[in-house]
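Report on the following structure.
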Amino acid sequence: MPGPYPGRVVSVRSDRCVDVSTGAANDDVVREMIARGMRTLTGADTTAAAWRRFFDPSDVVGIKVNCGGYPYVVSAYEIVAEVVRQLTSAGVPLSQIYLYERFQNQLDEVNYAPHLPDGVRIVAAEHANRNVDNSGYDPATYLEADFFGEDDTRSNMMRLVSERLTKIINIPNVKDHGATGVTGCLKNIAYGSFSNVARTHQRGKSHTYSAVGTLAAMEPLRSRTVLQIMDGLRGVWHGGPFARTKRYVFYPRRILFGTDPVAIDRLLLDVIDEKRRAEGAISIWDRSSASLKVDDSRARDADPNVNIIIREPGHVEYASTLGLGVYDLARMTVQDVTV
Amino acid sequence: MTRLLLAVLSLPCVYWTQGLESRPQLEAAGIKQLCVAPDRAAAWRAAGFSVSPIPDAELASREALPAPGVTARAGLASPTRAPWIVANGWRFTRAPGARYVYDVPAGKAALAAAEAFAYGADAILKIDPSDLKDLGTMLAFLEALPAADLPSLADLAVVDDGSAVTGEVMNLLARRNLLFDAVKTPSPRYRINVAVGTRDYPVEDAADPSAFALKIRRQLTDEQRTLRVYGSEVVLCRLTGDPSRIRLHLLNYGGRDIEGLRIRLRGAYKEDGAYVAGAGRLPLQDFAVADGATEFSLPKIGTYAVVDLRR
């Protein structure tokens, strides 16, 4: 990261990709959106050629999905399945494709297997978020930082990332986040590839401003994450990263493509904030004590004008200072495509 | 690191109030040693058990210990999300020569036995009979461990004035795996001597023992700590050693198996054996010596494990 296309984002929109009355996605339209997005991003003449710009048969490819917004806003089956199909078309064997998340129980809930060909490996580092499974993490690759005086000051990279994968495709969602403002490319790849990260935000305060980018910038995660495909078929504008209720679900009906996570997340900040403004909710940039009800997630879920932590949407700009991408809209190139 | 008092590790004794009809259950659990009321001693001896008669007065004179484990403390503010741990290691460190008694509910006997053993405490266990099997398994494990009567190692001293406040400071230091020695007067052996009520350690600061322990941790610095534990906040350790070897006792208070617990010890060591209750001898994983420290991962830990290392 930021890869060969710093500051460049291709935004593919289709009114037909999701039936907003049912939430169901249209496979064919999604497939076309991905094909157009990849060709536009790379300038390749064919979809296959576009994928071959990133992947060859020797690669071991990880697909970092996001399952935290189950049941309404997770990395879409249709997108994940099409990505797998394109990887196999590029010659990557199914046995060298890994779908991954940190927690097995979240993968079990979402259950990608019926949507994928046999042979794709679906793996997690931990059974659940209980801080008892460390074997899936690399003891030699970690961030050591003391945020709140916690005893366990390390966040370790998944072994899968540090020891097995050669390339990673990041498929985050369009989501609000109570601690980071939004959870997009940076948060999904960083907090989804390291252990013990929830310690960065608690009791109203968030250290995610620096932690997200710092983790995303760690090698080999940084250099192996070669493609960002933000799933904006559906989104959640409040209560994120969770989406246990439809109340805050919306339908941007687009997919963003790029190699620069900062640039895509820069757009995401505006997508979420504009939606919140349209709904009469406080901005993700709001830091007022009047909006803050520390640890009161019930109040947060009931009222979009409640924060439980002071959000840190500035984490996106901070990540740009680490060289992860372009934050300045004036230096970005956004190409809109309609399908 | 400084060596402290020699601790003699011995098995805690089960205080048994049931009659001889319970003999098959005891034998099935492999428990051969009992503490009983004096008027029952002869009968149990005749039944083939090793028996220590314990009068009621002695039982009552022993310091009663809370059941070890994690507990929810609703409504109590804490600077971290770490669960509240009830552990007695700090009590044993504070008063190593005292005599103790546990009266623990079902599910806690094995942890209590391991805890007492790890600190070489003179402890009697009153247990729920449903724990016999687990306790017997733990006692057999403890008995089979290679002998290692080694002194405790510590990074700092706490000047013990006997107060409850100082006791709570010790509790929170142990909770953070900050290795301390309890001393009567400041000791030149330690760079840090914590005396509650002095200018450096005002008693009002100790009113928040968690913050107080954090302040001491900051003074010591994480880099200078002899022991660090990564991958769990519910495993508390006791470190013992001499110039040729060390033994690390690990107690898991969380009630769930933990995989891949990472340990960092200052100094360069070689592996000499890791013994995990319920799993036996296991190889340490990802063993590394670098930057003046030794690191390794314990494949798993249920309730208790011991790691032996040598120079």
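Cβ crowding within 10 Å ranks A:Thr46, A:Thr225, B:Thr226, A:Thr166 as A:Thr46, A:Thr166, B:Thr226, A:Thr225, fewest other Cβ atoms first. Remark: the protein assembly as shown is approximated by an ellipsoid whose semi-axes, taken from the C-alpha gyration tensor as √(5λ), come to 54, 26, 23 Å, largest first. Counting Cβ atoms of other protein chains within 10 Å of each Cβ in A:128-141 and taking the mean gives 6. What the Cα convex hull of region A:8-338 gives, in volume per residue, is 125 Å³. Within the straight-line cut-off of under 28 Å between alpha carbons, the lysines reachable from A:Lys187 are A:Lys64, A:Lys167, A:Lys175, A:Lys205, A:Lys246, A:Lys275, A:Lys293, sequence neighbours fewer than 8 places apart in one chain being disregarded.
When the helices in chain B are scored as -39500 (n - 2.57) per DSSP H run of 4 or longer and the sum is shared across all residues, what 222 nm value do you end up with, to the nearest 500 deg cm²/dmol?
Numbers: 8 runs with 75 residues, N = 311.
Rounded to the nearest 500, it is -7000 deg cm²/dmol.
Quick one: grab the alpha carbon gyration tensor of region B:156-224, order the square roots of its eigenvalues as a ≥ b ≥ c, and give me rounded if a/c is under 1.5, else prolate or oblate depending on whether a/b is larger than b/c.
Working: a/c = 1.40, a/b = 1.08, b/c = 1.30.
Rounded, because the longest to shortest axis ratio a/c is under 1.5.
Excluding same-chain neighbours fewer than eight residues apart, the aspartates and glutamates reachable from B:Lys126 by a Cα-Cα span under 20 Å are B:Glu21, B:Glu27, B:Asp39, B:Asp56, B:Glu58, B:Glu63, B:Asp103, B:Glu115, B:Asp134, B:Glu143. Electrostatic tally near A:Glu78: other residues with Cβ closer than 10 Å to its Cβ, Lys and Arg +1, Asp and Glu -1, net -3. For the protein assembly as shown, the share of DSSP beta bridges that are antiparallel, to the nearest 5, is 60%.
When the Kirkwood radius is taken over all Cα pairs of chain B, what Stokes-Einstein diffusion coefficient follows at 25 °C and 0.890 mPa s, in µm²/s?
Values: Rh = 20.3 Å.
After rounding, the answer is 121 µm²/s.
Ranked by the mean number of other Cβ atoms within 10 Å of their residues, highest first, the peptides A:34-40, A:281-287, A:188-194 come out as A:188-194, A:34-40, A:281-287.
Among B:Glu27, B:Glu115, B:Glu259, what is the fewest-to-most ranking by other Cβ atoms within 10 Å? All intermediate terms of the calculation are to be shown ahead of the outcome.
On the way: B:Glu27 14, B:Glu115 27, B:Glu259 19.
Ranked by crowding around the Cβ, least crowded first: B:Glu27, B:Glu259, B:Glu115.
When chain A is treated as a Gaussian network with alpha carbon springs shorter than 10 Å, the biggest mean-square fluctuation among A:Asn307, A:Asn196, A:Asn173 belongs to A:Asn196. When each of the peptides A:27-33, B:151-157 is scored by how many other beta carbons lie within 10 Å of its residues on average, the order from highest to lowest is B:151-157, A:27-33. Distance between Cα centroids, region A:88-102 to region B:123-201: provide it in whole Å. Region A:88-102 and region B:123-201 have Cα centres separated by 51 Å.
Listed by chain and number, the lysines placed with their C-alpha closer than 23 angstrom to that of B:Lys133 are B:Lys32, B:Lys108, B:Lys300; residues fewer than eight positions away on the same chain are left out. Take every pair of alpha-carbon atoms less than 8 Å apart whose residues are at least six positions apart; their mean separation over the length of region B:227-310 yields a relative contact order of 36 percent.
Relative contact order of region A:26-97, please, whole-number percent, based on alpha carbon pairs below 8 angstrom and at least 6 residues apart.
Details: 59 pairs, mean separation 27.2, N = 72.
It rounds to 38 percent for region A:26-97.
Within 10 Å of the Cβ of each residue in A:151-164, the mean number of Cβ atoms contributed by other protein chains is 3. Take every Cα pair under 8 Å whose residues are at least 6 apart in sequence, average their separation, divide by the length of chain A, and the relative contact order is 25 percent.
Values in this text are rule-based calculations from the coordinates and carry no lab data. Given the structure is predicted, the values throughout are model-derived calculations rather than measurements. Note that we place each Cβ from the backbone using ideal geometry, even for glycine, and neighbour counts take in every protein chain shown.
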